Protein chains: 4
Amino acid sequence: MIETGERLLLVGEDREYFVTAEEGQFSTDRGTIDLSALPGMNPGDEVRTHLGVPFIVLRPRPTDFFVHAKRSGVPMLPKDIGLVIAYTGMNRDDTVLDAGTGSGVAAIYFGNIARHVKTCEVRPEFAALAEKNIRNARLDNVEVMAGDMLQATGEFDVVHLDMTITPAHVEHAFSLLRPGGYLACYTPFLEHTFTALDAAAPIFREVHCYECIERELTRSARGTRPSTRVAHSGYITIARR
Amino acid sequence: MIETGERLLLVGEDREYFVTAEEGQFSTDRGTIDLSALPGMNPGDEVRTHLGVPFIVLRPRPTDFFVHAKRSGVPMLPKDIGLVIAYTGMNRDDTVLDAGTGSGVAAIYFGNIARHVKTCEVRPEFAALAEKNIRNARLDNVEVMAGDMLQATGEFDVVHLDMTITPAHVEHAFSLLRPGGYLACYTPFLEHTFTALDAAAPIFREVHCYECIERELTRSARGTRPSTRVAHSGYITIARR
Amino acid sequence: MIETGERLLLVGEDREYFVTAEEGQFSTDRGTIDLSALPGMNPGDEVRTHLGVPFIVLRPRPTDFFVHAKRSGVPMLPKDIGLVIAYTGMNRDDTVLDAGTGSGVAAIYFGNIARHVKTCEVRPEFAALAEKNIRNARLDNVEVMAGDMLQATGEFDVVHLDMTITPAHVEHAFSLLRPGGYLACYTPFLEHTFTALDAAAPIFREVHCYECIERELTRSARGTRPSTRVAHSGYITIARR
Amino acid sequence: MIETGERLLLVGEDREYFVTAEEGQFSTDRGTIDLSALPGMNPGDEVRTHLGVPFIVLRPRPTDFFVHAKRSGVPMLPKDIGLVIAYTGMNRDDTVLDAGTGSGVAAIYFGNIARHVKTCEVRPEFAALAEKNIRNARLDNVEVMAGDMLQATGEFDVVHLDMTITPAHVEHAFSLLRPGGYLACYTPFLEHTFTALDAAAPIFREVHCYECIERELTRSARGTRPSTRVAHSGYITIARR
């Protein structure tokens, strides 16, 4: 049952809204929706505007936070988050350290999978924004720390760095990992990728670096072809302790 | 604490073994390991061969099952499993239907994340092999069904198809999905990709198809360059109800 | 020595103009250039605006026509033209049939290499534009034919099709090729690629199809990374008689 | 008419041979071919083995030298040679300096297009092999120089470097180029690519670097899919004076 304060998706024909279940009215070009009617409903139920236009009420999935979360910069793309999850084998028993929180999209993905996530962000205003996005995602196992991951302590199964990486960060990550645990570094530029690889190679047991060029395949009456969009996001260095 | 019957990784210098914690001896070129000593130890502990060579005892992660599980064909690559997880936003509250189990590698990944996974495999000998691999992964939330997913019933958040896809499979997947849930189809060939896209387009709310070309970046004394290995695995069609 | 009527590049600091050596004045934000001074000069000579700002006078290369020729649609990219040249081994002894002239960019490239080029364009207004671009490139070995290549006769070493391809076009291409000669089909969509492949496979000696994903590598003070631009242009089917 | 000493392709059903038109017998599994019958024939004519099996006699094209020339290492791929031709706009009026001849495949391609090609190779045994391959290609406009391109003099429209590049090579290339001419550097490793880019950026008017990921599209009864072969060859830096 939906509770007061939950973030919800309202899905109608060709339109989709991200709202909060609370007192208030939400205006659309199909009429006004009474948000105070949402608490107590169930996901999949229908709500109607004052003009009678129906919308389905849905609990958001991690994919929706990538689209709707307030942003503090260019977030990591889902495909790269997926590579980190797959190459580290992230799972429900894991304790994860995430650094370079940004708007918190990766932390929200990880928090939906792992037992506990600590996410570090050096810029206080980004940490505050991420905190808000994470609360909207109703994740109580994700802890935002405003500060550098060099200050982080504890034992982790996965450390994920999406920030300007120095050898010290790679070495500290090593010291925080359990045996068999994984470091994943996301770096858009080759120079930072080289830093990550060169710092990891002498201390980690296995080190690999991947790039994933994703293309959408578009299909229409004109024909089928790969789209011409985004050809590069970043490199992912995976190091196992 | 490690229990009798658990599958474990033994990690030594430049070598790695996948063993079972049970009565018996395991021979390596560095000496023999007494497996009956493993139950009762903790992950991270050290075991020694009769020659005194140390190995660290680790619980396997999903990544290890990709490498060590008995195979019944070419399994889906981790990068493609990662894309499915990311594009469906798979999470700990999810009920997942997986079809085309093969050796069970994708089901093991999903079972480490989702609340419950049902996986369907039409070839009984593959279903039996997958069952064994899944038991080795100690996942009691993954249920193997020997049969076609067209017989599957229930309500799911994610349906994943890695098999020869017909329009009937796509339509049945739609009927099994909760509102907001995702279908993900993995298809190595363009013709099957077109089948998935064409069957999904008229009934699902959002349909996209991605290809992910992964390249390893190799770095050595000679220099840094993308590797010349695997350039194509398959297409991933993502359809949201 | 530059002749009256030649198209020329004027290259100054951070600016570049494409002009004709003829009576007239050419205005730039660095002053006016007297075009009638150009005939009689030599490539590499300097011309100055009335404000004394220098420009170097250059004969255009095929690459310049890609940038400066009047366009009738999206022209084939140089990288794809280069693949056609390389995979057909186009050379100075060749007679080339080009169809789907468009603005004539590929014909200009081919005309700069081959002995003779016949280029067919079914839309008369495109044929007229191409004729003008080709005259500007001072190529008297390139003949524009307003019509379908199915009407073309003769013997060719290379046939290049950048148009909507039917099996009849592929079969006619075969009949026009000398033994050992090559057909190259450029097709942006998979469906047309399949048509070309399926029509060529039973009659040509060797048939291959390539896609070339080109990315620019960008390097700046921020770092080095592949650009995120154009990831797909088209497929190139190469069939040898 | 075919002359004595010419290299020729003999093309039969499912087999292809590279022979010389001279005294002698050539044995195949379809019978023996009398090579002394070849001089005086015309390309496209048929020759028969002593068992009556027919072969068509063809003059080789540049593509054939890529396949049949004696190799001294891994030659540049045709697709990369094609990119160099397209991005430099190489044409029949050009004088080309090529360095890092290797077995001479790129020089043979360039010699089939440009007016004159000088190609430099520091390893004398490679220079000798290239000389032989180039003579086989009957190109009298290609001159092999055993030595470093730093010793080369003259004026060129295109300089192509496929060798370990130093800033001195890039600077010398600049000094040899006509205004508007192009330098093209082929470098498999990122480090050498950076050297080329960093040396070219301050002195050349325009500098770009491209990578071209080529994939073959394979089509069979099983279906159509990109092949999983070669995903990386090298980077191409293009600098215009």
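The values are calculated or read from the model by the stated rules, or taken from the named source; none is laboratory data. Quick caveat, the model's predicted, so the values are computed rather than measured. In this analysis, Cβ positions are derived from the backbone assuming ideal geometry, glycine residues included, and neighbour counts consider all displayed protein chains.
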Are any residues in the stretch C:81-110 in contact (Cβ under 8 Å) with a residue 24 or more places away in the chain and assigned to a loop (DSSP other than H, G, I, E, B), and if so, which ones? C:G89, C:M90, C:D93, C:D94, C:G100, C:T101, C:G102, C:S103, C:G104
Among the residues of the stretch B:172-182 satisfying the criterion of being part of a helix (DSSP H, G or I) and among the aliphatic types (A, V, I, L, M), which is nearest to the other protein chains (Cβ to nearest Cβ)? B:L176
Return yes when D:R222 is over 22 Å from the mean Cα position of the chain (by Cα), surrounded by fewer than 21 Cβ atoms within 10 Å (Cβ to Cβ), basic (K, R) and within 30 Å of A:E214 (Cβ to Cβ) and no when it is not. yes
Restricting attention to the stretch D:116-131, the residues that are more than 25 Å from C:V84 (Cβ to Cβ), not acidic (D, E) and not in a helix (DSSP H, G or I) number exactly 4
Those residues of the stretch C:190-207 which are crowded, with 18+ Cβ neighbours inside 10 Å and under 21 Å from C:D80 (Cα atoms), in sequence order: C:L190, C:H192, C:T193, C:F194, C:T195, C:A196, C:L197, C:A200, C:V207
Can you find a residue that is in a loop (DSSP other than H, G, I, E, B) and touching a residue at least 40 places away in the same chain (Cβ under 8 Å) anywhere in the stretch A:43-57? yes
Residue satisfying all of: in the stretch C:198-219; in contact with a helix residue (DSSP H, G or I) (Cβ under 9 Å, 6 or more places away or on another chain) and among the aliphatic types (A, V, I, L, M); nearest to the other protein chains (Cβ to nearest Cβ) among these: C:L217
Conditions: (1) more than 14 Å from chain D (Cβ to nearest Cβ); (2) not in a strand (DSSP E or B). B:C185 meets all but one. Number of the miss? (2)
Those residues of the stretch D:29-51 which are under 20 Å from C:L183 (Cα atoms) and surrounded by 15 or more Cβ atoms within 10 Å (Cβ to Cβ), in sequence order: D:P43
Which of the following residues is touching a Cys at 6+ places or on another chain (Cβ under 8 Å), under 18 Å from D:V142 (Cα atoms) and not β-branched (V, I, T): D:L83, D:L129, D:L97? D:L97
Quick check on the stretch C:206-229. Is at least one of its residues farther than 17 Å from C:D157 by Cα and part of a helix (DSSP H, G or I)? no
Scanning the stretch A:52-99 residue by residue, those out of contact with any His (no Cβ under 7 Å at 6 or more places or on another chain), farther than 30 Å from A:F26 by Cα and either surrounded by fewer than 21 Cβ atoms within 10 Å (Cβ to Cβ) or not hydrophobic (A, V, I, L, M, F, W, C) (or both) turn out to be A:K79, A:D80, A:G82, A:Y87, A:T88, A:G89, A:N91, A:R92, A:D93, A:D94
Kindly indicate which of A:F18, A:F65 is in a helix (DSSP H, G or I) and at pLDDT below 95. A:F65
Suppose the filter is in the same structural domain as A:A146 (by TED's automatic domain parsing), of a type in the set (A, V, I, L, M, F, W, C), free of Cβ contacts under 8 Å to residues at least 12 places away in the same chain and touching a helix residue (DSSP H, G or I) at 6+ places or on another chain (Cβ under 9 Å); does A:A69 pass it? no
Can you tell me which condition A:R240 does not meet? The list is (1) in contact with a Gly (Cβ under 8 Å, 6 or more places away or on another chain); (2) closer than 30 Å to B:N42 by Cα; (3) at pLDDT 90 or above; (4) more than 7 Å from every other protein chain (Cβ to nearest Cβ), and all the others hold. (3)
Which listed residue is assigned to a helix (DSSP H, G or I) and under 26 Å from C:I2 (Cβ atoms), from C:I113, C:I134: C:I134
State yes or no: is B:M90 within 12 Å of chain A (Cβ to nearest Cβ) and either at negative phi or of a type in the set (D, E) (or both)? yes
Can you pull out every residue in the stretch D:1-28 that is small (G, A, S), under 20 Å from D:A69 (Cβ atoms) and surrounded by fewer than 19 Cβ atoms within 10 Å (Cβ to Cβ)? D:G5
Just to be sure, is D:V19 of a type in the set (A, V, I, L, M) and assigned by TED's automatic domain parsing to the domain that holds D:G102? no
Out of B:I165, B:I113, sole residue that is under 23 Å from A:P60 (Cβ atoms) and hydrophobic (A, V, I, L, M, F, W, C): B:I113
Hey, A:V144 touching a strand residue (DSSP E or B) at 6+ places or on another chain (Cβ under 6 Å), farther than 22 Å from A:L83 by Cα, at pLDDT 95 or above and surrounded by 18 or more Cβ atoms within 10 Å (Cβ to Cβ) or not: yes
Report, by residue number, each residue of the stretch B:150-171 that is closer than 23 Å to B:A86 by Cα, more than 12 Å from every other protein chain (Cβ to nearest Cβ) and either assigned to a helix (DSSP H, G or I) or within 18 Å of the chain's Cα centre (by Cα) (or both). B:V159, B:H160, B:L161, B:D162, B:M163, B:H169, B:V170, B:E171
Tell me, please, whether a residue that is within 24 Å of C:P188 (Cα to Cα) and either of a type outside the set (D, E, K, R) or touching a residue at least 24 places away in the same chain (Cβ under 8 Å) (or both) can be found in the stretch C:134-143. no
